[in-house]
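Reviewing the structure listed below.
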């Protein structure tokens, strides 16, 4: 009866056991070195082997198992188990012999065992993991034609897929944020200053009251700073913080392209109510205040 291939879960268990066994072996060698007397060792070669095995401990402890597979374009089949590590044998230069002396080939042998167990082994200084999905991302070139597929955001590496998702989420957030503000506007006011700024006000004026009255007013902050219900202090001559700035003729400051697109569409929908002269203001009919 033919032998059944291992499942992905079985491969993952075997890979973890290989790494754990190698680390324990190196740890055991390191512990023995603390209590062994090299003068009483029957064979000097035994002591060198023990020291070499112990010296591989830090290398083996840095092995990273990426069960999520590859995010790098052109790599993997979709169900890969990737392992990062330094697979070089450990050596040291022997001046008396003028050659490198092998300390331990344990890392190299571990790499071979992992490949036989079904892992895809990669060099740990050439790869990292995506901060969102956890899949493997190449950070160093493997050919002249290689180009990076990842982005870095707030100290986090993002694969191309997750980067696109984050951008899409930001775009949607900006759109929803500005649309919510625009849909709440009840009054449009053009300032009387030289800048001719246009503001959207989320409430109607009282009888005998105009936007300039609110700008000229001054009120203290309500409640204590840090209280979520607190109203910020407003200085005389400032527009209240809940007003929506809609730019000046031909200039929109630091408004993002996405926000600008929504603002322009809003002004087109309500073009007949947009005040053109300094100090003018108008009330938007409820039927025109947002997208329908």
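Here are a few things to note about the model shown:
- Residues satisfying the stated conditions in region 247-276, i.e. part of a loop (DSSP other than H, G, I, E, B) and at pLDDT below 90: 247, 249, 250, 252, 253, 254, 255, 256
- Matching residues, region 183-195, being surrounded by fewer than 18 Cβ atoms within 10 Å (Cβ to Cβ) and closer than 20 Å to residue 272 by Cβ: 183, 184, 186
- Filtered by the rule that a residue be in contact with a helix residue (DSSP H, G or I) (Cβ under 9 Å, 6 or more places away or on another chain), at pLDDT 60 or above and part of a loop (DSSP other than H, G, I, E, B), region 24-71 gives 56, 63, 67, 71.
- On the stretch given as region 97-124, residues that are part of a loop (DSSP other than H, G, I, E, B) and under 25 Å from residue 17 (Cβ atoms) total 5.
- In this entry, residue 134 is excluded by the filter for residues that are buried (at least 20 other Cβ atoms within 10 Å of the Cβ) and closer than 26 Å to residue 157 by Cβ.
- Selection status of residue 158, surrounded by 17 or more Cβ atoms within 10 Å (Cβ to Cβ) and touching a residue at least 12 places away in the same chain (Cβ under 8 Å): yes
- Failed item in (1) in the same structural domain as residue 126 (by TED's automatic domain parsing); (2) farther than 25 Å from residue 131 by Cβ; (3) modelled with pLDDT under 90, with residue 14 passing the rest: (3)
- Of everything listed in (1) over 25 Å from the mean Cα position of the chain (by Cα); (2) surrounded by 20 or more Cβ atoms within 10 Å (Cβ to Cβ), the single unmet condition for residue 83 is (1).
- Residue within region 174-185 that is within 30 Å of residue 75 (Cβ to Cβ) and either under 19 Å from the mean Cα position of the chain (by Cα) or in the same structural domain as residue 75 (by TED's automatic domain parsing) (or both) present: no
Per-residue answers, yes or no, for (1) free of Cβ contacts under 8 Å to residues at least 40 places away in the same chain; (2) assigned to a strand (DSSP E or B); (3) touching a strand residue (DSSP E or B) at 6+ places or on another chain (Cβ under 8 Å); (4) more than 29 Å from residue 212 (Cα to Cα):
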position	(1), (2), (3), (4)
131	yes, no, yes, yes
143	yes, no, no, yes
152	yes, yes, yes, yes
167	yes, no, no, yes
172	yes, no, no, yes
175	no, no, no, yes
185	no, no, yes, no
189	no, yes, yes, no
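- Those residues of region 266-283 which are surrounded by 13 or more Cβ atoms within 10 Å (Cβ to Cβ) and in contact with a helix residue (DSSP H, G or I) (Cβ under 9 Å, 6 or more places away or on another chain), in sequence order: 266, 269, 270, 273, 274, 279, 281, 282, 283
The values are calculated or read from the model by the stated rules, or taken from the named source; none is laboratory data. A quick note: this is a predicted structure, and the numbers were derived from the prediction, not measured. Cβ atoms come from the backbone with ideal geometry, glycine included; neighbour counts cover every protein chain shown.
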